[in-house]
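This report refers to the structure that appears directly beneath it.
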Amino acid sequence: MPRSTFVYVTYIRTTPEQLWSALTDQEFQKQYWFGVHCESEWTPGSSWKMVHPDGRITDAGEILESDPPRRLVIRWRHEDKPELKAEGDSLCTMELEPTGRAVKLSITHTIERESSKLITAVSGGWPRIISNLKSLLETGSTILASGSKR
Amino acid sequence: MTKHLQDPDLLFHALADPSRRKLLDLLYARDGRTLSELCEHLDMTRQGVTQHLDLLEAANLVATMRRGREKLHFLNPVPLQELYERWIAKFERPRLKALDDLKKRLEREHA
């Protein structure tokens, strides 16, 4: 089946519980996600939406799986730009796996179509978000301030 | 293997080889490829390509996923982002500012 996938893997010196709360806590998210936060109950079946600092909701969906602090699956649909919205649902899977003194965080984003614009769009953001998240958890501060967003 | 994964020496070592950089370019062009697909583009044995991929995976530059009987290889750009922030961004910022100051001064002198 044709599909577009990206995979991001990083190792963060923290505990699965802390990483889970960093991924699901609004105030924490704003610190590493350039002001963006996600609203959800984080339980299977609950709605999920991504809210920008100006209140815009660009992406929305539903929590398909939630197994704290191990696995989170989000049905993710872009709602803002028409050409990305037309691509429909994508799946974002976050897996947390303890490895020694660190936690392996794997983020996989997949859509069942070739050369997806949505996947290209989100792939530009994830490395900087993840890098910021790692820095925040390991050192208590982010490398990239929201002003440096390009 | 985990202790190597945070090792910057391993990251630079992984990047310091033309075949491994070619593998990264191939995955950048199209992600999620099998070993056989990657072998088609490199003039070396299957075993040689496997060794390069193992080293890239140890440096966390390549992530693998199983799909049925196939093992798919994906480019993981997170260590490159960290490398960029650590070794490029912080050095280029003052230089770009110096260049900008120079430009402003020269333009002021011309005005």
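The values are calculated or read from the model by the stated rules, or taken from the named source; none is laboratory data. This is a predicted model, so every value here is computed, not measured. Positions of Cβ are backbone-derived with ideal geometry, glycine not excepted, and every protein chain shown enters the neighbour counts.
When only residues in the stretch B:14-47 that are of a type in the set (Ser, Thr, Tyr) and part of a helix (DSSP H, G or I) count, which is nearest to B:ASN60 (Cα to Cα)? Residue satisfying both the conditions and the ranking: B:TYR28.
To keep it simple, each residue is scored yes or no on (1) hydrophobic (A, V, I, L, M, F, W, C); (2) surrounded by 18 or more Cβ atoms within 10 Å (Cβ to Cβ).
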| residue | (1), (2) |
| --- | --- |
| B:PHE12 | yes, no |
| B:PRO18 | no, no |
| B:THR50 | no, no |
| B:ALA63 | yes, yes |
| B:ARG66 | no, no |
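Quick check on the stretch B:53-110: of everything there that is at pLDDT 90 or above and small (Gly, Ala, Ser), which residue is farthest from A:ARG128 (Cα to Cα)? Among residues in the stretch B:53-110 that are at pLDDT 90 or above and small (Gly, Ala, Ser), the one farthest from A:ARG128 (Cα to Cα) is B:GLY68. Selection of first residues in the stretch A:1-13 that are facing chain B (nearest Cβ under 7 Å) and of second residues that are at pLDDT below 85, restricted to Cβ pairs under 8 Å at least 6 apart or on distinct chains, gives the following pairs, ordered by first then second residue: A:THR5/A:ILE119; A:PHE6/A:ILE119; A:PHE6/A:VAL122; A:PHE6/A:SER123; A:TYR11/B:THR2; A:TYR11/B:LEU5; A:TYR11/B:GLN6.
Within the stretch A:121-138, the set of residues being at the interface with chain B (Cβ under 10 Å from one of its Cβ atoms) and of a type in the set (A, V, I, L, M, F, W, C) comprises A:TRP126, A:ILE129, A:ILE130. The condition (being farther than 21 Å from B:ALA29 by Cα, modelled with pLDDT of 80 or more and crowded, with 20+ Cβ neighbours inside 10 Å) is satisfied by just one residue among A:LEU118, A:LEU133: A:LEU133.
Kindly indicate whether A:ASP80 is more than 24 Å from B:GLU82 (Cα to Cα), without any contact (Cβ under 8 Å) to a residue 12 or more places away in the chain and assigned to a loop (DSSP other than H, G, I, E, B). So A:ASP80 fails the test. Touching a residue at least 24 places away in the same chain (Cβ under 8 Å), within 14 Å of chain B (Cβ to nearest Cβ), among the charged types (D, E, K, R) and more than 17 Å from A:LYS134 (Cβ to Cβ), is that true of A:ARG71? The answer is no for A:ARG71.
Scoring B:ASN60 on the criteria (1) outside any strand (DSSP E or B); (2) farther than 16 Å from B:HIS13 by Cα leaves a single failure, condition (2).
Exactly one residue out of B:ARG95, B:ARG105 is under 30 Å from A:SER141 (Cα atoms), loosely packed, with under 14 Cβ neighbours inside 10 Å, away from every other protein chain (no Cβ under 11 Å) and not hydrophobic (A, V, I, L, M, F, W, C), and it is B:ARG95. How about the stretch B:57-83: which of its residues are of a type outside the set (Asp, Glu), more than 9 Å from every other protein chain (Cβ to nearest Cβ) and without any contact (Cβ under 8 Å) to a residue 24 or more places away in the chain? Selection gives B:ARG66, B:ARG67, B:GLY68, B:ARG69. The single condition from (1) within 14 Å of chain A (Cβ to nearest Cβ); (2) under 16 Å from B:LYS71 (Cβ atoms) that B:LEU35 fails is (1).
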